[in-house]
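A short write-up of the structure that comes next.
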Amino acid sequence: MADKDSDKTSDGVSKKPEPNPVDPPDQSAGETDSQIIVKAAKGDLVLIKGRCKSCGFCVEFCPKKVLELSSEYNAKGYRIPQAKNPDKCIFCGFCTMYCPDFAIYQLSDENTELSDEKSDQPDGKSVKK
């Protein structure tokens, strides 16, 4: 007869059961879903499909209405956002800031200057604030 205590560690805490080999892999971190990269004027918007839960915060808080919910579903059965107007993106970061699941983020273009520099000098040179 098997000892029931063999399922517990020395301090009496239950061991985590081994995963069933027929169970799907853990998708909580988007491990099996791909990323969607949208080219915008100031860089790229990256959406991790497996993390999205279709809350719609990224769509609602976008001041330029760049995003909309698509008809595409992720592996969990949630509709994911898509860029309907990527050229209007101003890289405000609201989509990234409001996403509770960290499913969307921005990558700035290396050639685009997103700093607080101004060129108000007569010779055109930038002066940092």
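The values are calculated or read from the model by the stated rules, or taken from the named source; none is laboratory data. Remember, predicted model here, so these are calculated numbers, not experimental data. Note that each Cβ is placed from the backbone with ideal geometry, even for glycine, and that neighbours are counted across all protein chains shown.
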Members of the range 35-63 found to be at pLDDT below 95 and touching a helix residue (DSSP H, G or I) at 6+ places or on another chain (Cβ under 6 Å), listed by number: Val38, Ala40, Ala41
Sole residue being closer than 21 Å to Ser34 by Cα and over 9 Å from the mean Cα position of the chain (by Cα), chosen from Ala103, Ala83: Ala83
Residue selected from the range 41-57 under the condition assigned to a strand (DSSP E or B) and of a type outside the set (Asp, Glu), by the criterion farthest from Arg79 (Cα to Cα): Gly43
Near pairs, Cβ below 7 angstrom, 6+ apart or cross-chain, from the range 53-74 (in contact (Cβ under 8 Å) with a residue 24 or more places away in the chain and closer than 19 Å to Gln35 by Cα) to any residue that is hydroxyl-bearing (Ser, Thr, Tyr) and surrounded by 15 or more Cβ atoms within 10 Å (Cβ to Cβ): Lys53/Tyr78; Ser54/Tyr78; Phe57/Tyr98; Cys58/Tyr98
Tally, over the range 82-104, of residues that are in contact with a helix residue (DSSP H, G or I) (Cβ under 6 Å, 6 or more places away or on another chain), hydrophobic (A, V, I, L, M, F, W, C) and outside any loop (DSSP other than H, G, I, E, B): 3
Residue tally, condition at negative phi, surrounded by fewer than 22 Cβ atoms within 10 Å (Cβ to Cβ) and part of a loop (DSSP other than H, G, I, E, B), over the range 63-81: 5
